[in-house]
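The values are calculated or read from the model by the stated rules, or taken from the named source; none is laboratory data. Every value quoted in this text rests on a predicted model; they were computed, and no experiment measured them. Cβ sites come from the backbone with ideal geometry, for glycine too, and all protein chains shown count toward neighbours.
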């Protein structure tokens, strides 16, 4: 008999197959993909610009005849275009701020949980101190230092929103660092940085992805609140 090669399924392939079996997740993914495409490409397909003023149709209701499907505001600007452009801002802040929060929180929490001891105590006490300080103070401070550029505002939001991520990752790392595969890597002389990068972090993806889905709407609400206070993205006049 000829021996057939047995190919194992990777973590990503296994996750993809489980995702396809979840109908609710597939439907939600399709809806999110449609919304993403509308927000990104929708304003390009419409005949109006976000700052275009249609003086003949000010404060008009939704109408197919005029081409303003969502109507217009008090100065004749198309509400549909402005809604989609606002969706771009929400999408951008969700992605940028979450990626910044993810990078800082996962790195910080994994290091604290893996090394433990004095390193863990000092790093987590720093997190506790930052928790005790006003959130808005940090955002305003970062905006003063880096300026009012739109991307820097999103980075500032992510830079102060990583504390919960760090705590969750640290807790999961504490439960993983004494597992057999990590002990085997240590016994083989693998460096600590490689163990964290290749063995700890990949096994945190499940928890991290769940928290990412909670972080994205949270940072969008934070940006909306900052804009309401006059500190975030301002409405074009």
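Tallying residues that are in contact with a helix residue (DSSP H, G or I) (Cβ under 6 Å, 6 or more places away or on another chain) and not in a helix (DSSP H, G or I) within the range 133-167 yields 3.
Every condition in (1) surrounded by 13 or more Cβ atoms within 10 Å (Cβ to Cβ); (2) at pLDDT 80 or above is met by residue 67 except one, and the failing one is (2). Scanning the range 6-26 turns up no residue that is under 30 Å from residue 155 (Cβ atoms), touching a strand residue (DSSP E or B) at 6+ places or on another chain (Cβ under 9 Å), modelled with pLDDT under 85 and surrounded by fewer than 14 Cβ atoms within 10 Å (Cβ to Cβ). Filtered by the rule that a residue be at pLDDT below 90 and either assigned to a helix (DSSP H, G or I) or on the phi < 0 side of the Ramachandran plot (or both), the range 102-124 gives a lone residue, 117.
Of all residues in the range 87-106, how many are surrounded by fewer than 17 Cβ atoms within 10 Å (Cβ to Cβ) and out of contact with any helix residue (DSSP H, G or I) (no Cβ under 6 Å at 6 or more places or on another chain)?
Of the range 87-106, the ones surrounded by fewer than 17 Cβ atoms within 10 Å (Cβ to Cβ) are 88, 91, 95, 99, 103.
Cutting the leftovers down to out of contact with any helix residue (DSSP H, G or I) (no Cβ under 6 Å at 6 or more places or on another chain) gives us 95, 99, 103.
Counting residues in the range 87-106 that are surrounded by fewer than 17 Cβ atoms within 10 Å (Cβ to Cβ) and out of contact with any helix residue (DSSP H, G or I) (no Cβ under 6 Å at 6 or more places or on another chain) gives 3.
Can you find, within the range 41-58, the residue that is farthest from residue 78 (Cα to Cα) among those that are assigned to a helix (DSSP H, G or I) and in contact with a helix residue (DSSP H, G or I) (Cβ under 8 Å, 6 or more places away or on another chain)? Outline the logic, then answer.
Narrowing the range 41-58 to residues assigned to a helix (DSSP H, G or I): 41-45, 55-57.
Retained after the next criterion (residues that are in contact with a helix residue (DSSP H, G or I) (Cβ under 8 Å, 6 or more places away or on another chain)): 42-43.
On the way: 42: 13, 43: 11 Å.
The qualifying residue farthest from residue 78 (Cα to Cα) is 42.
Taking the range 61-94, which residues are outside any loop (DSSP other than H, G, I, E, B) and free of Cβ contacts under 8 Å to residues at least 24 places away in the same chain? Walk me through how you get there before you give the answer.
Pass one, the range 61-94, residues outside any loop (DSSP other than H, G, I, E, B): 72, 78-94.
Matches in the range 61-94: 72, 79, 83, 86.
Among the residues making up the range 185-221, those that are under 16 Å from the mean Cα position of the chain (by Cα), at pLDDT 85 or above and either farther than 17 Å from residue 168 by Cβ or exposed (fewer than 14 other Cβ atoms within 10 Å of the Cβ) (or both) are 209, 210, 213, 214, 217, 220, 221. Among the residues in the range 144-151, are any closer than 26 Å to residue 221 by Cβ, within 15 Å of the chain's Cα centre (by Cα) and modelled with pLDDT of 90 or more? Checked against the condition, which is being closer than 26 Å to residue 221 by Cβ, within 15 Å of the chain's Cα centre (by Cα) and modelled with pLDDT of 90 or more, the range 144-151 yields no hits at all.
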